[in-house]
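I have placed the structure first, in the form of structure tokens, so that the comments after it can refer back to it.
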Amino acid sequence: MSILSQLPVFPTIQTYTQTCQMILALHALGLQTSRYGDNWPLPKEFIGTPINQILLDHPKASYFKEKLNNHKVFSVEQFLNATNTELLEWNNFHHNIKKIPRGRCPHWFHTIQDLIAGTTNPSSIFSQLNPHTLTS
């Protein structure tokens, strides 16, 4: 997904940059850019369901996005187990973020879990196996 085609959530530190304001203005005005013959910019290859879909309507979306970016969390599946059936606890989260979280569980982690649980319904489609977990 490209930030030019889908409304993004920006971290707090980037909210007032000129680039961020231009992208938000493009979305607010309903404008899109296109370059025929040269596919640029190339969107980053993405696996899973974007976490932005869950954060968009939350009043602290920028704050949460900043925390998630620090841990390189970009998809909903990173909060789920290998079969995408249960939410992970903070102590088990290290497999999906590839670093061991230290200390107590942060408040934002529980809030994101609540948002995921609140928006997930039977029509949510996740792949059978979580692409962010180590499977043998």
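Looking only at segment 83-136, count how many residues are hydrophobic (A, V, I, L, M, F, W, C), at pLDDT 85 or above and not in a helix (DSSP H, G or I).
Qualifying residue count, segment 83-136: 3.
Considering only residues that are aromatic (Phe, Trp, Tyr) and more than 10 Å from the chain's Cα centre (by Cα), which ones fall in segment 37-86?
TRP40, PHE46, TYR63, PHE79
Determine whether PHE64 is within 27 Å of ALA117 (Cα to Cα), of a type in the set (Phe, Trp, Tyr) and in a loop (DSSP other than H, G, I, E, B).
no
Does segment 53-112 hold any residues that are touching a Gly at 6+ places or on another chain (Cβ under 8 Å) and either within 25 Å of TYR16 (Cα to Cα) or polar (S, T, N, Q) (or both), and which are they?
Correct list: PHE74, SER75, GLN78.
Read through the list (1) part of a loop (DSSP other than H, G, I, E, B); (2) closer than 29 Å to ASP114 by Cβ, then give the number of the only condition that SER34 fails.
Just one mismatch for SER34, condition (2).
Tally the residues that are touching a helix residue (DSSP H, G or I) at 6+ places or on another chain (Cβ under 6 Å) and modelled with pLDDT under 90, restricting the search to segment 55-71.
The number of residues fulfilling the criteria is 1.
Read through the list (1) farther than 30 Å from LEU80 by Cα; (2) part of a helix (DSSP H, G or I), then give the number of the only condition that ASN39 fails.
(2) is the only condition that ASN39 fails.
Might you check whether a residue that is under 22 Å from PHE10 (Cα atoms), in contact with a His (Cβ under 9 Å, 6 or more places away or on another chain) and not charged (D, E, K, R) occurs anywhere in segment 81-92?
No - not one qualifying residue is present in segment 81-92.
The values are calculated or read from the model by the stated rules, or taken from the named source; none is laboratory data. Because the structure is predicted, anything quoted here is derived from the model rather than measured. Note: ideal-geometry Cβ built from the backbone for every residue, glycine included; neighbour counts use all protein chains shown.
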